[in-house]
Each structure stands twice: as C-alpha cells, then as structure tokens.
Amino acid sequence: MADKRIDKADFHKLLEKLAAEHEVFAPVRDGASMVWSRVSPEQEIEFEFTNTDSSPKGYLFPQTERLMRFKNDSSDPQGMIMEEEPGISGKQLLLNIRPCDAKAFSILDHIFERDERTMDVYWKDKRDNTVLVGLACKDPCPTCFCTSVECGPHSEEGLDVLLVDLGDRLLVRPLTDTGKSLTADLDQAEPGDTEEAAKQKDAAEAAITQGITMENIRARNVLEEYEHPCFDRIFESCINCGTCTFYCPTCHCFDIQDETQEDLGKRIRVWDTCMSWLFTQHTSGHNPRGGKKDRVRQRFMHKFKYMPDKFGVIGCVGCGRCTSKCPVNIDVRSVVNSMDEQIGE
Amino acid sequence: MNEITQEMRAAAKRLLEEGRVDCVIGYTKGTVPMREQPYFAYTPQEAENLVWTGFCVNNLANFLIGRSGRNAVIAQGCVSRNIAGLIKENQVNRDDVYIIGLHSPGMLDSGKIEAEFPDRVITEVEEDGEEIVVRGRDFEERLERKKYKRNNCYTCTHRNAVLYDEFLGEQGPQTGGGDIDKVAAPWERLDPEQRWAQFEAEFKDCIRCYACRNVCPLCYCDVCFVDENNPQWCGKGQEEPDIFTFHIIRAFHCAGRCTDCGACESACPVGIKMRYLTSKLEKDIRQLYDYQPGLDLETPTPLAVYSSNDPDVAK
C-alpha cells in the first residue's frame, strides 16, 4: 500500500475521523511520565516521547477483568447461574502505540487465539475490535533491544497504520485494509518522505547498541538449557516482586477468583505473576517452583526457550520495561546473554 | 572510583581470603543509569565487583533472611538498624553475620533526577563529590547532589552504622538535617475525611506488584496476609478497598520496626510514597514508647511486649 502523509497542523482532522468510529486512546503526559489515556478529537496529541511507562496490554487484557456474574443464592432458581459478560461495546483505537507494544499483541495471539478449541473469547472480542495506529521510535531508550528480538523501532507487525514523525508532518503508512480505509482521504507521500522515514529507521536501529544473542539457547534441548549454571547466580538479587511481569507487554499469566459480596458474586481474572511462590502452589502443599531460583528461571525460560520452541516466536519484544523498572536491576539482556553462553567453559 | 568502594573491596577480599565469611553482600555496578544491583561476592576476585554509590537504594538486611552460611553485609545506619531488628526478632543469628558498617552519604532519588530531564534520554549518571553529572546522547549537565537525595535521607537520624564488626571510612554527620517528626505533621493537621482523600490519591495507582513488601526487611512472613487464601483476607483485583487494605495493614505490621530506610519508595515502580503511612506510625512509637527501632539488641520492640505502663493500657 502506498505511503501517505499529513501535516501535523492538520492532524486533528484525521483524529476527528478516527474518533467518529472509535474510542481513541493515546499516550499523554502525566507529570514526568507518559500514560495511556482516552483522548478527545480536539486534544493536542504527543509525538515527542520515548514510550509509555506501562504497556497498553490492559486494553486487551485488563489487570482485573470480570468474566461472569452470578447471584450467590442457591435457594433462588436464578441463583448460582453464571451470567456471561457482554463484550466490548464499540471499536477502540490505540493511537501512537509503539511498534514493540503492537508486536506484543501478535505474540499474545499465539496464547489467546491458539486454536478454536481454546480460543480466549475475552481477548478475541477486544482484539477484533481494536485498531492499532503505531508511531515509529525515533529515540530508543538505553534499555531498548527490539532489534535483536525480531522486532524494531519501525516494526510493522500487528499494526494497521504506521506513523513516522518527520518534524512538521507525518508519514502515514497503511498496513491493512482497515488502515487503508482510515487513511483514504490523505495525500500521497512525496518520494522524499518515504526516503526520510527509511533514513530515520536506520538511525533508530543504529542507536540500539546492546542486544541479545540466542543461538545456543535455540540449539540446546530444553533440559540442557534448564540446567544452565547461569541460573545459579541470576536469581540472587531478585526479590520476587511482580514488577517485571506487570510491566511486560507479553506476560499474560492470570489467576481466576470468585468474589462475593452479600448475594452478588462475580468471577474475575487478574494478572498473576510467576515471580510469586503462590503462583504454582498446589492444594496438596507441594510447590513445583518452591524456590526463588526456580521462579526466576521460569520467567526467562518461558520467553526465550519455551515460547520459541513451541510457537516459533520469542516471548519478548525488547521494550526494556522490565529492566528499567526492576528494583534490583535484573537486566533481561544480561540474563539472556548468560543463558546463551557456552556451558562448561 | 570513590575511596569507600576501594576500602569495601579490600575488606571483602580480606574476609573472603581469610575464610571469615562465605559471602559478602553488597552492590555491584548496575546496567542502567541510577540503579546498582545487590551483589553476592563469594570469592576474592568477585569482591572486585563491589561498588558504593548514591544509587545503592535497596536494604541489604533483606537478603540475610533465611540465608545460610556466614555472610558479611554492607550496612549504613538504617540497614544496620534493620539487621539489629532481625537479630532481635530471631530471623538472623548475630554470630552468622559480619556487619561492615559505614556512613551513608544520603542516597539519591532517580525519579527526582529524571524529572529534571523530561523527554530526554539519560544514558549515564555519576557522582562527582557534591555534584551529580548527568549525561545523555546529546547533553551533559551537573546537578547539586544535596537537592536530589531521597526524602527519607533528609530526615535520617542515624547515618552511621549503629551495629558493626568493622567500620569503613570515617564516621560522618549523624543526621540528615531535617526534622523527622515534621514528616508526619501534614497528616496530623488534616481531619479524617481529608486524610482519607489524600491517602486515596496517593495509593490508588498501586499495581500490586508488592515490590514495596518484597524489598522490605520487615516483611518476612512465611505467608503474607494478602497471599493467604484460606481464608482469603484480601481480594486480588484492582478494587480500591483491596489495594488500600494491603497498604494499611502492611504499614501497621511495620509499626515500631521501620527504620525509614526508604527502600519501599525507591522500589515502587509507580512512585507511591509509603512513608505517608510509616512516618506517622513511627512518630507515635517515638512519642508513646520513647523507642526507635534497631538501636540496640536488648530493648524489646514495644508492640511485641506487654507492660502495665503501656500508654494505651486502659486506666
């Protein structure tokens, strides 16, 4: 599909069009940080930022999500019958989502939309009704390493439209039929615009200097990697909080809880974290991941060994949030590079 | 490299070489600006990786809990007080811990430094005496160090280790200069409704990662009350009552034990100021019981003993 362009001064016109058919959310400034928020058509949109503090995964997979409700009264004929939650009411659009965060949704499709039999209806409903308009990364953070995990500052995977900030104007690249129809009214890009965007892509990629390697991890069998001696040290400073998992755009584990108050009950799912001992605690009292080492190993093995082996995708987009938010500076890049080291040297 | 780092490496090396300890718990240089990593040196060579900077913002006493062997640990005032507390609460055996005491320069608040550079990517930060040098891809600026300390470090009452086996460097000024009683004062002036409104505003962004709890050397319960599921005291979702229950009860569990080390605030990814709660609790403990946590190994913690002179005993 051919590239388009829009002057930033005219961006509100595009925004109006988007907002007519979608609930639009975008990164907005909140003090020193950038947060996701509902935006109105007349709102000034931010284009100068690194990335949002939190990933936008909550729009498709909320931290707390009601799945069903029920009347907690077995004497009532209507009691104890689970009532399904209605789906999302309209369409939502995530504007200026970073390419890494958009790709994370494609990775999560492998989990939540694996096959018809195990389709996660709550995810699918929102996924099918969400449009992603991405903003390419100009100035990657020192913790970013998207280029070494099959992603990148201009990655197009999962996006309907990619925007590239060219100063006073934006290059608009429709990537799907939805993207094409949303941008149909815009002018064609000048050849110079596309060239400038390509140069920006090269510069952004070059700015990412620290990456990871996975050749050995890929080549080894699972148990060999599982027994890698690096795991004897990596966990030591970990405090087993859930920060990395909650900020991660691809972490997707959840717990299901029934909550009741008087005669009303609801079934909710909430983000869970493999860092917590409770995550794998059995009712028998046995815990297959009873120690800190087991839990830390699980998180990295899951993303960099089990998911690549099982689904053919790395369970990480290199956004660097786990590293920048970790209270004890566990750096995912160092961990994966240690996992990739030769064993027995 | 600063002098304390050099002395620290030498001390750690000596202890490991002489076999006095199995491990020296300190910090090593972090991989991102403004964050050092807790580090466990088992060999004299590994001792060379230790560092001491203003970004050593965890509380290393935390790592002694449940740890076997004989460990040396780097401890400024607050950390040494927490070690004393853990010894008193039978979580750490005095004979198994070798405390390398030092004076705290007042640790730095990375959030305050970041706030000076909105939208600019910081790639390197280092301390240079009374200044902090902040570098990005296209800038370098110097900041006055004393303006960027963590809030708790301004009202510190014991910057020198109070309990130690050896002391690195010289003893320095004991206090941070601020009045710790004043930290709680803004709350005391508010009526209950205003207090609740402020509390809600401060704690509503909690994502329940429990980093505050897990970095805290006071939180060593085998099963925290929020993790109990039979009975389940606290819901797991993002409902405000559940979030608030966690923070209020955790704060109360720390009363008379909190050394105001600030590790919880440094760890919080959303910047919640837990000291809003602990400052008032600890002020009450000071005023009602004339007690400050962790200053010796003998005085019992006030909420762990009953005395007929207790200020809250019904007359």
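The values are calculated or read from the model by the stated rules, or taken from the named source; none is laboratory data. Not measured: the values here are computed from a predicted model. Quick reminder, even Gly has a Cβ in these numbers, built from the backbone with ideal geometry, and neighbours come from all protein chains shown.
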Practice problem: Output yes when any residue across the range A:42-51 is farther than 24 Å from A:Phe112 by Cβ, under 18 Å from the mean Cα position of the chain (by Cα) and either in a loop (DSSP other than H, G, I, E, B) or assigned by TED's automatic domain parsing to the domain that holds A:Val131 (or both), and no when none is. | Solution: yes
Quiz prompt | Exclusive hit being within 14 Å of chain B (Cβ to nearest Cβ), assigned to a helix (DSSP H, G or I), under 26 Å from the mean Cα position of the chain (by Cα) and in contact (Cβ under 8 Å) with a residue 12 or more places away in the chain, set A:Ile217, A:Ile212, A:Ile239, A:Ile234 | solution = A:Ile234
Exercise. Could you identify the single residue in A:Leu182, A:Leu170, A:Leu166, A:Leu175 that is closer than 30 Å to A:Val332 by Cβ and within 26 Å of the chain's Cα centre (by Cα)?
Key: A:Leu175
Quiz item: Has the range B:193-206 got any residue that is surrounded by 14 or more Cβ atoms within 10 Å (Cβ to Cβ), within 13 Å of another protein chain (Cβ to nearest Cβ) and of a type in the set (A, V, I, L, M, F, W, C)?
Solution: yes
Quiz item: Just a yes or no: is a residue in the range B:74-86 surrounded by fewer than 24 Cβ atoms within 10 Å (Cβ to Cβ), within 22 Å of B:Ala267 (Cβ to Cβ) and among the hydrophobic types (A, V, I, L, M, F, W, C)?
Solution: yes
Self-check item: Unique residue being within 20 Å of the chain's Cα centre (by Cα) and either among the charged types (D, E, K, R) or more than 14 Å from chain A (Cβ to nearest Cβ) (or both) when the list is B:Val79, B:Val133
Solution: B:Val79
Quiz item: Of all residues in the range B:19-49, how many are surrounded by fewer than 24 Cβ atoms within 10 Å (Cβ to Cβ), in contact (Cβ under 8 Å) with a residue 12 or more places away in the chain and away from chain A (no Cβ under 11 Å)?
Solution: 8
Exercise. Give the range B:237-264 a look and list any residue that's part of a helix (DSSP H, G or I), within 13 Å of chain A (Cβ to nearest Cβ) and either surrounded by fewer than 20 Cβ atoms within 10 Å (Cβ to Cβ) or acidic (Asp, Glu) (or both), or say none.
Key: B:Glu240, B:Pro241, B:Asp242
Quiz item: Which ones in the range B:93-125 are within 14 Å of chain A (Cβ to nearest Cβ), surrounded by 15 or more Cβ atoms within 10 Å (Cβ to Cβ) and small (Gly, Ala, Ser)?
Solution: B:Ser110, B:Gly111
Exercise. Please determine, by comparing only the residues of the range B:200-212 that are without any contact (Cβ under 8 Å) to a residue 40 or more places away in the chain and not aliphatic (A, V, I, L, M), which one is farthest from A:Met275 (Cα to Cα).
Key: B:Lys204
Practice problem: Give the residue that is farthest from B:Ile180 (Cα to Cα), with candidates limited to residues of the range B:265-294 that are within 14 Å of another protein chain (Cβ to nearest Cβ) and assigned to a helix (DSSP H, G or I). | Solution: B:Ala267
Quiz item: Counting only residues that are within 9 Å of another protein chain (Cβ to nearest Cβ), surrounded by fewer than 21 Cβ atoms within 10 Å (Cβ to Cβ) and in a loop (DSSP other than H, G, I, E, B), how many does the range A:242-271 have?
Solution: 0
Quiz item: When only residues in the range B:213-236 that are touching a residue at least 60 places away in the same chain (Cβ under 8 Å) and among the aliphatic types (A, V, I, L, M) count, which is farthest from the other protein chains (Cβ to nearest Cβ)?
Solution: B:Leu218
